[in-house]
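Novice: Just passing along the structure, written as C-alpha coordinates.
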Amino acid sequence: MHHAGATGAGRELSALRQEFYRCLPRRADALFELTDAVLCADGPVRSIAELSLAGEHRRGHGSSYAALARGRVDIDRLRNALSGVPLPRAADGRLVLAVDVTCWLRPEAHTCPQRILCHTYGRGRDQHMMVPGWPYSVVVALESGRGSWTAPLDAVRLTPGDNAANVTAQQIRAVVGRLVAAGHWRPGDPDILLVADAGYDGPRLAHVLADLPITVLVRMRTDRVLHRPVPPQRSGTLGRPRRHGDEFAFGDPATWGQPDAVTETTTRLYGPALIRAWDRLHPRLTHRIAWAGHDGALPIIEGTVIRLQVERLPSGAIPKPVWLWHSRTGLGHAEVDLAWQAFLRRFDIEHTFRMLKQTLGWTTPKLRSPEAADRWTWLLLSAYTQLRLARDLTADLRRPWERPRPALRLSPARVRRGFRNLRPQLACPAGVPKPSRPGPGRPAGTVNHRPASRHDVYVVTSTNTRKSKHGKNTRSSNPRPRRTG
(Lines give C-alpha, C1' and ligand atoms only; values in the text may rest on other atoms or scores of the structure.)
Protein backbone atom coordinates (compact mmCIF):
# COMPACT_ATOMS: atom_id res chain seq x y z
CA MET A 1 0.00 0.00 0.00
CA HIS A 2 1.32 3.44 -0.92
CA HIS A 3 1.80 6.09 1.71
CA ALA A 4 -1.12 8.52 1.44
CA GLY A 5 1.03 11.63 1.62
CA ALA A 6 3.47 10.44 -1.05
CA THR A 7 1.05 10.55 -3.96
CA GLY A 8 -1.16 13.18 -5.53
CA ALA A 9 -4.27 11.14 -4.76
CA GLY A 10 -3.30 11.04 -1.08
CA ARG A 11 -2.85 14.80 -0.93
CA GLU A 12 -6.18 15.33 -2.66
CA LEU A 13 -7.89 12.93 -0.27
CA SER A 14 -6.42 14.64 2.80
CA ALA A 15 -7.36 18.06 1.43
CA LEU A 16 -10.93 16.87 0.81
CA ARG A 17 -11.20 15.57 4.37
CA GLN A 18 -10.00 18.89 5.75
CA GLU A 19 -12.49 20.80 3.60
CA PHE A 20 -15.26 18.38 4.54
CA TYR A 21 -14.62 19.10 8.22
CA ARG A 22 -14.91 22.84 7.54
CA CYS A 23 -18.31 22.20 5.91
CA LEU A 24 -19.67 21.06 9.29
CA PRO A 25 -20.29 24.26 11.30
CA ARG A 26 -22.25 22.51 14.08
CA ARG A 27 -21.49 19.14 15.75
CA ALA A 28 -18.60 18.79 13.34
CA ASP A 29 -16.67 16.22 15.37
CA ALA A 30 -19.63 13.85 15.71
CA LEU A 31 -20.60 14.12 12.03
CA PHE A 32 -17.00 13.65 10.88
CA GLU A 33 -16.47 10.56 13.04
CA LEU A 34 -19.83 9.17 11.87
CA THR A 35 -18.61 9.42 8.27
CA ASP A 36 -15.34 7.71 9.16
CA ALA A 37 -17.27 4.94 10.90
CA VAL A 38 -19.26 4.38 7.71
CA LEU A 39 -16.00 4.12 5.74
CA CYS A 40 -14.27 1.78 8.20
CA ALA A 41 -17.13 -0.44 9.42
CA ASP A 42 -17.02 -4.15 8.72
CA GLY A 43 -19.68 -5.14 6.22
CA PRO A 44 -22.79 -3.21 5.20
CA VAL A 45 -24.18 -0.54 7.50
CA ARG A 46 -27.24 -2.03 9.20
CA SER A 47 -27.72 0.42 12.06
CA ILE A 48 -26.54 3.92 12.92
CA ALA A 49 -26.18 2.98 16.59
CA GLU A 50 -23.96 0.01 15.72
CA LEU A 51 -21.52 2.35 13.99
CA SER A 52 -20.50 3.53 17.45
CA LEU A 53 -18.87 0.10 17.96
CA ALA A 54 -16.28 0.89 15.29
CA GLY A 55 -12.93 1.97 16.64
CA GLU A 56 -13.01 5.14 14.55
CA HIS A 57 -16.19 6.29 16.36
CA ARG A 58 -15.09 7.53 19.78
CA ARG A 59 -18.46 8.84 20.95
CA GLY A 60 -21.57 7.25 22.36
CA HIS A 61 -24.23 5.55 20.31
CA GLY A 62 -26.68 8.42 20.84
CA SER A 63 -24.37 11.07 19.44
CA SER A 64 -24.93 10.00 15.82
CA TYR A 65 -28.68 10.52 15.80
CA ALA A 66 -28.27 13.72 17.82
CA ALA A 67 -25.73 15.04 15.31
CA LEU A 68 -27.99 14.23 12.37
CA ALA A 69 -30.98 15.85 14.09
CA ARG A 70 -29.30 19.01 15.41
CA GLY A 71 -26.07 19.29 13.42
CA ARG A 72 -25.42 21.38 10.34
CA VAL A 73 -23.80 20.79 6.96
CA ASP A 74 -22.78 23.67 4.71
CA ILE A 75 -24.15 22.02 1.58
CA ASP A 76 -23.15 24.80 -0.82
CA ARG A 77 -19.54 24.66 0.34
CA LEU A 78 -19.55 20.86 0.16
CA ARG A 79 -20.88 21.03 -3.40
CA ASN A 80 -17.91 23.21 -4.36
CA ALA A 81 -15.55 20.79 -2.64
CA LEU A 82 -16.88 17.78 -4.56
CA SER A 83 -16.68 19.74 -7.82
CA GLY A 84 -13.06 20.69 -7.17
CA VAL A 85 -11.62 17.16 -6.97
CA PRO A 86 -10.33 15.42 -10.14
CA LEU A 87 -13.20 14.11 -12.26
CA PRO A 88 -13.31 11.26 -14.79
CA ARG A 89 -13.63 12.01 -18.49
CA ALA A 90 -14.65 10.22 -21.65
CA ALA A 91 -12.23 8.91 -24.25
CA ASP A 92 -12.29 12.23 -26.16
CA GLY A 93 -11.60 14.25 -23.00
CA ARG A 94 -15.10 15.61 -22.40
CA LEU A 95 -17.06 15.47 -19.17
CA VAL A 96 -20.08 13.16 -19.24
CA LEU A 97 -22.80 13.80 -16.64
CA ALA A 98 -25.72 11.55 -15.76
CA VAL A 99 -28.85 12.57 -13.85
CA ASP A 100 -31.46 10.33 -12.30
CA VAL A 101 -33.90 10.20 -9.39
CA THR A 102 -33.62 7.67 -6.59
CA CYS A 103 -36.04 7.41 -3.69
CA TRP A 104 -35.69 6.99 0.05
CA LEU A 105 -38.92 5.10 0.70
CA ARG A 106 -40.75 5.86 3.97
CA PRO A 107 -44.17 4.19 3.57
CA GLU A 108 -45.04 3.89 7.29
CA ALA A 109 -43.44 7.12 8.54
CA HIS A 110 -46.63 9.07 9.14
CA THR A 111 -44.82 11.68 11.28
CA CYS A 112 -42.31 12.54 8.53
CA PRO A 113 -43.21 15.71 6.59
CA GLN A 114 -42.73 16.41 2.88
CA ARG A 115 -43.19 12.84 1.71
CA ILE A 116 -44.11 12.34 -1.95
CA LEU A 117 -45.47 9.32 -3.79
CA CYS A 118 -42.42 7.76 -5.46
CA HIS A 119 -42.59 5.52 -8.50
CA THR A 120 -41.18 2.06 -7.80
CA TYR A 121 -41.17 -1.24 -9.64
CA GLY A 122 -43.09 -4.15 -8.16
CA ARG A 123 -41.96 -7.72 -7.93
CA GLY A 124 -44.31 -8.88 -10.67
CA ARG A 125 -43.79 -8.30 -14.35
CA ASP A 126 -44.70 -4.83 -15.56
CA GLN A 127 -46.08 -3.88 -12.14
CA HIS A 128 -45.53 -0.38 -10.84
CA MET A 129 -46.30 0.98 -7.39
CA MET A 130 -46.41 4.41 -5.82
CA VAL A 131 -44.80 4.37 -2.38
CA PRO A 132 -44.40 7.42 -0.07
CA GLY A 133 -40.85 8.61 0.39
CA TRP A 134 -38.28 11.31 -0.26
CA PRO A 135 -37.07 11.41 -3.90
CA TYR A 136 -33.58 12.76 -4.62
CA SER A 137 -32.29 14.00 -7.96
CA VAL A 138 -28.61 13.01 -8.20
CA VAL A 139 -26.02 14.21 -10.73
CA VAL A 140 -22.79 12.26 -11.23
CA ALA A 141 -19.83 12.34 -13.62
CA LEU A 142 -19.34 9.09 -15.57
CA GLU A 143 -16.15 7.23 -16.32
CA SER A 144 -15.17 5.61 -19.60
CA GLY A 145 -14.84 1.85 -19.92
CA ARG A 146 -16.38 -0.93 -17.87
CA GLY A 147 -16.68 -0.25 -14.16
CA SER A 148 -19.02 0.73 -11.35
CA TRP A 149 -17.48 4.05 -10.28
CA THR A 150 -19.02 7.48 -10.70
CA ALA A 151 -18.22 10.90 -9.25
CA PRO A 152 -21.25 12.32 -7.36
CA LEU A 153 -21.57 16.08 -7.80
CA ASP A 154 -24.98 17.06 -6.49
CA ALA A 155 -28.14 15.76 -4.82
CA VAL A 156 -31.39 17.70 -4.48
CA ARG A 157 -34.45 16.44 -2.62
CA LEU A 158 -37.71 17.04 -4.47
CA THR A 159 -40.16 18.77 -2.17
CA PRO A 160 -43.97 18.83 -2.48
CA GLY A 161 -45.05 21.04 -5.35
CA ASP A 162 -41.72 20.90 -7.19
CA ASN A 163 -41.70 20.44 -10.93
CA ALA A 164 -39.12 17.73 -11.59
CA ALA A 165 -38.21 19.15 -15.01
CA ASN A 166 -37.58 22.65 -13.64
CA VAL A 167 -35.62 21.32 -10.66
CA THR A 168 -33.43 19.23 -12.98
CA ALA A 169 -32.74 22.19 -15.27
CA GLN A 170 -31.77 24.42 -12.34
CA GLN A 171 -29.65 21.65 -10.84
CA ILE A 172 -27.72 21.03 -14.08
CA ARG A 173 -27.18 24.77 -14.54
CA ALA A 174 -25.72 25.05 -11.05
CA VAL A 175 -23.50 21.97 -11.54
CA VAL A 176 -22.12 23.25 -14.85
CA GLY A 177 -21.43 26.63 -13.25
CA ARG A 178 -19.42 24.99 -10.47
CA LEU A 179 -17.49 22.83 -12.96
CA VAL A 180 -16.56 25.91 -14.99
CA ALA A 181 -15.51 27.77 -11.83
CA ALA A 182 -13.35 24.80 -10.78
CA GLY A 183 -11.56 24.77 -14.15
CA HIS A 184 -12.93 21.46 -15.38
CA TRP A 185 -14.23 23.16 -18.54
CA ARG A 186 -12.58 26.01 -20.43
CA PRO A 187 -13.45 27.73 -23.70
CA GLY A 188 -12.36 25.50 -26.56
CA ASP A 189 -13.02 22.24 -24.69
CA PRO A 190 -15.66 19.79 -25.97
CA ASP A 191 -19.17 20.41 -24.71
CA ILE A 192 -20.23 18.63 -21.54
CA LEU A 193 -22.50 15.69 -22.38
CA LEU A 194 -25.60 15.18 -20.23
CA VAL A 195 -27.09 11.67 -20.37
CA ALA A 196 -30.57 10.88 -19.03
CA ASP A 197 -33.17 8.15 -19.29
CA ALA A 198 -36.61 8.21 -20.86
CA GLY A 199 -38.24 9.95 -17.90
CA TYR A 200 -36.63 13.28 -18.88
CA ASP A 201 -37.80 15.64 -21.61
CA GLY A 202 -34.62 15.95 -23.68
CA PRO A 203 -35.78 18.71 -26.07
CA ARG A 204 -37.03 20.74 -23.12
CA LEU A 205 -33.67 20.42 -21.32
CA ALA A 206 -31.79 21.32 -24.49
CA HIS A 207 -33.93 24.43 -24.96
CA VAL A 208 -33.61 25.62 -21.35
CA LEU A 209 -29.84 24.95 -21.20
CA ALA A 210 -29.04 26.25 -24.68
CA ASP A 211 -26.81 29.01 -23.26
CA LEU A 212 -24.51 26.51 -21.52
CA PRO A 213 -21.68 24.45 -23.07
CA ILE A 214 -23.72 21.29 -22.71
CA THR A 215 -25.12 18.64 -25.05
CA VAL A 216 -28.19 16.59 -24.10
CA LEU A 217 -28.57 12.88 -24.85
CA VAL A 218 -31.75 11.14 -23.65
CA ARG A 219 -33.52 7.90 -24.34
CA MET A 220 -36.99 8.17 -25.88
CA ARG A 221 -39.95 5.85 -25.67
CA THR A 222 -40.49 3.49 -28.58
CA ASP A 223 -43.92 4.98 -29.32
CA ARG A 224 -42.70 8.52 -30.00
CA VAL A 225 -43.41 10.37 -33.24
CA LEU A 226 -41.07 13.12 -34.43
CA HIS A 227 -41.08 15.29 -37.54
CA ARG A 228 -38.64 16.07 -40.30
CA PRO A 229 -37.78 19.60 -41.42
CA VAL A 230 -40.26 21.42 -43.61
CA PRO A 231 -39.39 21.07 -47.32
CA PRO A 232 -38.93 24.28 -49.32
CA GLN A 233 -42.27 25.91 -50.10
CA ARG A 234 -43.21 26.06 -53.73
CA SER A 235 -43.55 29.47 -55.29
CA GLY A 236 -47.12 30.71 -55.53
CA THR A 237 -48.36 28.55 -52.66
CA LEU A 238 -51.02 30.26 -50.57
CA GLY A 239 -51.82 29.86 -46.92
CA ARG A 240 -49.75 29.69 -43.76
CA PRO A 241 -46.37 27.98 -44.15
CA ARG A 242 -45.94 24.55 -42.61
CA ARG A 243 -43.98 24.26 -39.36
CA HIS A 244 -43.50 20.49 -39.35
CA GLY A 245 -42.44 18.10 -42.05
CA ASP A 246 -43.32 14.46 -42.54
CA GLU A 247 -43.73 12.17 -39.56
CA PHE A 248 -40.99 9.89 -38.26
CA ALA A 249 -42.72 7.22 -36.15
CA PHE A 250 -40.41 5.02 -34.11
CA GLY A 251 -42.84 2.11 -34.41
CA ASP A 252 -43.35 2.38 -38.18
CA PRO A 253 -40.26 1.51 -40.26
CA ALA A 254 -42.03 2.76 -43.39
CA THR A 255 -41.58 6.34 -42.14
CA TRP A 256 -37.87 6.10 -41.40
CA GLY A 257 -36.35 6.47 -44.84
CA GLN A 258 -32.61 6.22 -45.39
CA PRO A 259 -30.47 6.95 -42.31
CA ASP A 260 -27.83 9.66 -42.45
CA ALA A 261 -25.25 7.52 -40.64
CA VAL A 262 -24.90 3.75 -40.20
CA THR A 263 -22.29 1.97 -38.10
CA GLU A 264 -21.80 -1.63 -37.08
CA THR A 265 -19.69 -3.01 -34.27
CA THR A 266 -19.28 -6.18 -32.24
CA THR A 267 -19.61 -5.91 -28.48
CA ARG A 268 -18.53 -8.46 -25.88
CA LEU A 269 -21.78 -8.57 -23.93
CA TYR A 270 -24.38 -7.76 -26.57
CA GLY A 271 -22.91 -9.30 -29.70
CA PRO A 272 -23.19 -7.51 -33.06
CA ALA A 273 -24.73 -4.04 -32.76
CA LEU A 274 -26.32 -2.02 -35.57
CA ILE A 275 -26.50 1.75 -35.08
CA ARG A 276 -28.48 4.01 -37.40
CA ALA A 277 -28.90 7.79 -37.08
CA TRP A 278 -31.32 10.26 -38.67
CA ASP A 279 -30.47 13.95 -38.68
CA ARG A 280 -32.64 17.01 -37.99
CA LEU A 281 -35.70 15.49 -36.33
CA HIS A 282 -37.82 17.46 -33.88
CA PRO A 283 -40.89 16.85 -31.71
CA ARG A 284 -44.16 18.62 -32.32
CA LEU A 285 -44.67 20.72 -29.20
CA THR A 286 -48.00 21.85 -27.79
CA HIS A 287 -48.96 24.34 -25.11
CA ARG A 288 -49.34 21.64 -22.47
CA ILE A 289 -47.43 20.36 -19.44
CA ALA A 290 -43.94 21.93 -19.50
CA TRP A 291 -44.81 24.27 -22.37
CA ALA A 292 -48.13 25.49 -20.92
CA GLY A 293 -46.70 28.84 -19.83
CA HIS A 294 -44.59 29.47 -22.94
CA ASP A 295 -45.32 32.81 -24.59
CA GLY A 296 -45.39 33.10 -28.35
CA ALA A 297 -44.76 30.42 -30.92
CA LEU A 298 -43.28 27.17 -29.70
CA PRO A 299 -39.69 26.55 -30.81
CA ILE A 300 -38.50 23.96 -33.29
CA ILE A 301 -35.87 21.93 -31.44
CA GLU A 302 -33.99 19.77 -33.92
CA GLY A 303 -31.67 16.93 -33.02
CA THR A 304 -30.32 13.59 -34.15
CA VAL A 305 -32.20 10.35 -33.50
CA ILE A 306 -30.05 7.26 -32.93
CA ARG A 307 -31.40 3.71 -33.01
CA LEU A 308 -29.34 1.01 -31.29
CA GLN A 309 -30.16 -2.64 -31.97
CA VAL A 310 -28.14 -5.47 -30.42
CA GLU A 311 -28.31 -9.22 -30.96
CA ARG A 312 -28.56 -10.47 -27.37
CA LEU A 313 -28.73 -9.41 -23.73
CA PRO A 314 -26.67 -10.88 -20.87
CA SER A 315 -29.89 -11.77 -19.02
CA GLY A 316 -31.19 -13.82 -21.94
CA ALA A 317 -34.20 -11.55 -22.51
CA ILE A 318 -35.34 -10.53 -25.97
CA PRO A 319 -33.39 -7.37 -26.93
CA LYS A 320 -35.47 -4.34 -27.81
CA PRO A 321 -34.21 -1.37 -29.82
CA VAL A 322 -33.02 1.68 -27.91
CA TRP A 323 -33.98 5.08 -29.30
CA LEU A 324 -31.80 8.06 -28.36
CA TRP A 325 -32.25 11.77 -29.05
CA HIS A 326 -29.11 13.91 -29.37
CA SER A 327 -29.46 17.69 -29.15
CA ARG A 328 -26.78 18.29 -31.83
CA THR A 329 -27.29 17.91 -35.57
CA GLY A 330 -24.83 16.88 -38.26
CA LEU A 331 -23.15 14.13 -36.21
CA GLY A 332 -20.47 12.05 -37.84
CA HIS A 333 -19.94 8.32 -37.43
CA ALA A 334 -17.46 8.79 -34.58
CA GLU A 335 -19.84 11.10 -32.68
CA VAL A 336 -22.72 8.67 -33.14
CA ASP A 337 -20.62 5.85 -31.68
CA LEU A 338 -19.59 8.06 -28.77
CA ALA A 339 -23.24 8.91 -28.07
CA TRP A 340 -24.60 5.38 -27.71
CA GLN A 341 -21.55 4.22 -25.77
CA ALA A 342 -21.98 7.14 -23.36
CA PHE A 343 -25.61 6.19 -22.87
CA LEU A 344 -24.64 2.63 -21.92
CA ARG A 345 -22.30 4.11 -19.31
CA ARG A 346 -25.33 5.90 -17.82
CA PHE A 347 -26.30 2.69 -16.04
CA ASP A 348 -23.22 3.07 -13.80
CA ILE A 349 -25.30 5.47 -11.73
CA GLU A 350 -27.42 2.48 -10.71
CA HIS A 351 -24.30 0.88 -9.20
CA THR A 352 -23.76 4.07 -7.19
CA PHE A 353 -27.33 3.98 -5.88
CA ARG A 354 -26.91 0.33 -4.95
CA MET A 355 -23.64 1.09 -3.14
CA LEU A 356 -25.22 3.95 -1.20
CA LYS A 357 -28.27 1.96 -0.16
CA GLN A 358 -27.02 -1.59 0.33
CA THR A 359 -23.46 -1.03 1.61
CA LEU A 360 -23.21 2.49 3.04
CA GLY A 361 -26.72 2.36 4.51
CA TRP A 362 -28.25 5.46 2.97
CA THR A 363 -31.85 4.39 3.71
CA THR A 364 -30.98 2.65 7.00
CA PRO A 365 -31.64 5.37 9.63
CA LYS A 366 -35.24 6.09 10.60
CA LEU A 367 -34.94 9.86 10.49
CA ARG A 368 -38.02 11.98 11.08
CA SER A 369 -37.10 15.31 9.54
CA PRO A 370 -36.17 15.68 5.85
CA GLU A 371 -33.41 18.12 6.86
CA ALA A 372 -31.69 15.32 8.79
CA ALA A 373 -32.09 13.09 5.73
CA ASP A 374 -30.33 15.74 3.65
CA ARG A 375 -27.42 15.83 6.12
CA TRP A 376 -27.07 12.05 6.05
CA THR A 377 -27.22 12.07 2.24
CA TRP A 378 -24.36 14.54 1.93
CA LEU A 379 -22.28 12.68 4.51
CA LEU A 380 -22.49 9.56 2.36
CA LEU A 381 -21.73 11.45 -0.85
CA SER A 382 -18.57 12.79 0.76
CA ALA A 383 -17.73 9.27 2.00
CA TYR A 384 -18.18 7.84 -1.51
CA THR A 385 -15.91 10.57 -2.93
CA GLN A 386 -13.25 9.66 -0.39
CA LEU A 387 -13.44 6.06 -1.54
CA ARG A 388 -13.00 7.13 -5.15
CA LEU A 389 -9.90 9.16 -4.32
CA ALA A 390 -8.48 6.21 -2.35
CA ARG A 391 -8.72 3.74 -5.25
CA ASP A 392 -4.97 3.49 -5.86
CA LEU A 393 -4.02 3.86 -2.18
CA THR A 394 -5.66 0.79 -0.65
CA ALA A 395 -4.74 -2.87 -0.89
CA ASP A 396 -7.12 -5.49 -2.26
CA LEU A 397 -8.37 -7.35 0.81
CA ARG A 398 -10.32 -9.86 -1.20
CA ARG A 399 -12.25 -12.80 0.15
CA PRO A 400 -10.86 -16.31 -0.53
CA TRP A 401 -13.58 -16.95 -3.11
CA GLU A 402 -13.11 -13.66 -4.96
CA ARG A 403 -10.93 -13.24 -8.00
CA PRO A 404 -7.92 -10.94 -7.79
CA ARG A 405 -8.33 -7.67 -9.65
CA PRO A 406 -5.90 -4.93 -10.66
CA ALA A 407 -5.53 -2.06 -8.20
CA LEU A 408 -7.26 0.45 -10.45
CA ARG A 409 -10.17 -1.94 -11.14
CA LEU A 410 -11.30 -2.47 -7.55
CA SER A 411 -14.98 -1.96 -6.87
CA PRO A 412 -16.13 0.63 -4.27
CA ALA A 413 -16.95 -2.12 -1.77
CA ARG A 414 -13.46 -3.64 -2.04
CA VAL A 415 -11.78 -0.25 -1.67
CA ARG A 416 -13.84 0.30 1.48
CA ARG A 417 -12.40 -2.85 3.05
CA GLY A 418 -8.92 -1.38 3.00
CA PHE A 419 -9.88 2.17 4.01
CA ARG A 420 -9.43 1.36 7.72
CA ASN A 421 -5.72 0.66 7.11
CA LEU A 422 -5.39 3.91 5.16
CA ARG A 423 -7.16 6.17 7.64
CA PRO A 424 -4.26 6.60 10.14
CA GLN A 425 -2.20 8.19 7.34
CA LEU A 426 -4.89 10.75 6.48
CA ALA A 427 -5.88 14.02 8.08
CA CYS A 428 -8.30 13.57 10.98
CA PRO A 429 -9.30 17.02 12.29
CA ALA A 430 -12.04 15.76 14.62
CA GLY A 431 -11.38 16.55 18.28
CA VAL A 432 -11.37 14.15 21.21
CA PRO A 433 -14.84 13.74 22.75
CA LYS A 434 -15.48 15.35 26.12
CA PRO A 435 -16.72 13.19 29.00
CA SER A 436 -20.45 13.43 29.51
CA ARG A 437 -23.36 11.45 30.88
CA PRO A 438 -26.73 10.72 29.24
CA GLY A 439 -29.74 12.77 30.15
CA PRO A 440 -32.53 11.45 32.34
CA GLY A 441 -35.09 11.19 29.55
CA ARG A 442 -38.82 10.83 30.19
CA PRO A 443 -39.50 8.93 33.39
CA ALA A 444 -40.80 5.43 32.91
CA GLY A 445 -44.56 5.11 33.07
CA THR A 446 -45.33 8.74 32.22
CA VAL A 447 -47.47 9.68 29.24
CA ASN A 448 -46.01 11.59 26.31
CA HIS A 449 -47.90 14.89 26.30
CA ARG A 450 -46.21 16.14 23.13
CA PRO A 451 -47.01 13.58 20.44
CA ALA A 452 -45.42 14.09 17.04
CA SER A 453 -47.55 15.67 14.35
CA ARG A 454 -48.76 13.45 11.55
CA HIS A 455 -48.42 14.56 7.93
CA ASP A 456 -50.28 13.55 4.80
CA VAL A 457 -48.49 12.29 1.72
CA TYR A 458 -48.35 14.89 -1.02
CA VAL A 459 -50.13 13.66 -4.13
CA VAL A 460 -51.53 15.42 -7.20
CA THR A 461 -54.22 13.61 -9.13
CA SER A 462 -57.06 14.56 -11.44
CA THR A 463 -59.52 14.10 -8.56
CA ASN A 464 -58.17 16.79 -6.24
CA THR A 465 -58.97 19.66 -8.59
CA ARG A 466 -62.34 21.12 -9.40
CA LYS A 467 -63.69 23.73 -11.75
CA SER A 468 -64.57 27.09 -10.31
CA LYS A 469 -67.47 29.16 -11.57
CA HIS A 470 -65.02 30.98 -13.85
CA GLY A 471 -63.89 27.69 -15.45
CA LYS A 472 -60.42 27.63 -13.83
CA ASN A 473 -58.93 24.69 -11.96
CA THR A 474 -58.66 25.23 -8.21
CA ARG A 475 -57.31 22.99 -5.48
CA SER A 476 -59.97 21.19 -3.47
CA SER A 477 -60.34 22.32 0.13
CA ASN A 478 -60.92 18.74 1.31
CA PRO A 479 -57.61 17.20 2.43
CA ARG A 480 -56.66 13.76 1.30
CA PRO A 481 -57.59 11.33 4.12
CA ARG A 482 -54.63 9.91 5.95
CA ARG A 483 -54.20 6.18 5.78
CA THR A 484 -54.06 4.76 9.29
CA GLY A 485 -53.85 1.05 8.50
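Novice: Sequence gap at least 6, Cα distance under 8 Å: using those rules, report the relative contact order of the range 153-279 to the nearest whole percent.
Specialist: 15 percent
Novice: Further, regarding this structure: So what is the calculated 222 nm ellipticity per residue for the chain, using -39500 (n - 2.57) for each DSSP H run with n of 4 or more, over all residues, to the nearest 500 deg cm²/dmol?
Specialist: Per the formula, -7500 deg cm²/dmol.
Novice: Binning at 10 Å from 0, report for the range 37-87 what percent of all alpha-carbon pair distances ends up in each bin.
Specialist: For the range 37-87, the pair-distance distribution reads 22, 36, 35, 7.
Novice: Follow-up question, since we're still on this one. With +1 on each Lys and Arg Cβ and -1 on each Asp and Glu Cβ, how big is the dipole of the range 286-442 about its Cα centre, in debye rounded to the nearest 20?
Specialist: Here the size comes out at about 1220 debye.
Novice: Shape call for the range 193-276 from the C-alpha gyration tensor, a ≥ b ≥ c root eigenvalues: rounded (a/c under 1.5), prolate (a/b greater than b/c) or oblate?
Specialist: Because a/c hits 1.5 or more and a/b fails to exceed b/c, the range 193-276 counts as oblate.
Novice: Here's a follow-up. Enter the accessible area per residue of the range 69-128 (Å², integer; probe 1.4 Å; all protein chains in place).
Specialist: 52 Å²
Novice: Moving on to the next point. Quick one: dipole size for the chain, taken about the Cα centre, charges +1 on Lys/Arg Cβ and -1 on Asp/Glu Cβ, in debye to the nearest 20.
Specialist: I would put it at about 1780 debye.
Novice: Using the scaling law 2.2 N^0.38 Å as the reference, what is the normalised Cα Rg of the range 179-327?
Specialist: 1.23
Novice: Take the alpha carbon gyration tensor of the range 231-306, find the square roots of its eigenvalues, order them as a ≥ b ≥ c, and report rounded if a/c is under 1.5; if not, report prolate when a/b exceeds b/c, else oblate.
Specialist: It comes out oblate by the Cα gyration axes.
Novice: On a C-alpha basis, how far is the centre of the range 367-418 from the centre of the range 257-323 in Å? Whole number, if you could?
Specialist: Centre-to-centre distance over Cα atoms comes out at 35 Å.
Novice: Could you work out the pair-distance distribution P(r) of the chain from its alpha-carbon pairs, with 10 angstrom bin width and percents rounded to whole numbers?
Specialist: The percentages, shortest bin first, are 3, 16, 25, 25, 17, 9, 3, 1, 0, 0.
Novice: Quick one: grab the alpha carbon gyration tensor of the range 72-127, order the square roots of its eigenvalues as a ≥ b ≥ c, and give me rounded if a/c is under 1.5, else prolate or oblate depending on whether a/b is larger than b/c.
Specialist: Oblate is the answer for the range 72-127, as a/c is 1.5 or above yet b/c matches or exceeds a/b.
Novice: Which aspartates and glutamates, on any chain, are close to LYS366 with Cα under 15 Å apart, when same-chain ones fewer than 8 places away are left out?
Specialist: Filter leaves GLU50, GLU108, ASP374.
Novice: Among the aspartates and glutamates, which have Cα under 12 Å from the Cα of LYS320 when same-chain residues fewer than 8 positions away are ignored?
Specialist: Counting by Cα, and skipping residues close in sequence, LYS320 has these aspartates and glutamates nearby: GLU311.
Novice: When all C-alpha to C-alpha distances in the range 1-146 are sorted into bins of 10 Å, what percent of pairs does each bin hold, rounded to whole numbers?
Specialist: For the range 1-146, the binned pair fractions read 9, 23, 36, 24, 7, 0 percent.
Novice: Then there is this: Excluding residues fewer than 8 places away in the same chain, name every one of the aspartates and glutamates whose C-alpha is closer than 19 Å to that of LYS434.
Specialist: ASP29, GLU33, ASP36, GLU56
Novice: Right, next: Kindly write out, for the range 44-59 in residue order, the coupling ³J(HN,Hα) from the Karplus curve 6.51 cos²θ - 1.76 cosθ + 1.60 (θ = phi - 60°), rounded to whole Hz, with x marking Gly and Pro.
Specialist: Ordered by residue, 3J(HN,Hα) equals x, 7, 9, 7, 5, 5, 5, 5, 5, 7, 5, x, 6, 9, 9, 10 Hz.
The values are calculated or read from the model by the stated rules, or taken from the named source; none is laboratory data. What you see is a predicted model, and the numbers here were worked out from it, not measured in a lab. Positions of Cβ are backbone-derived with ideal geometry, glycine not excepted, and every protein chain shown enters the neighbour counts. Areas reflect the complete protein model, heavy atoms only, side chains present, ligands, DNA and RNA absent. Shrake-Rupley method; radii C 1.70, N 1.55, O 1.52, S 1.80 Å.
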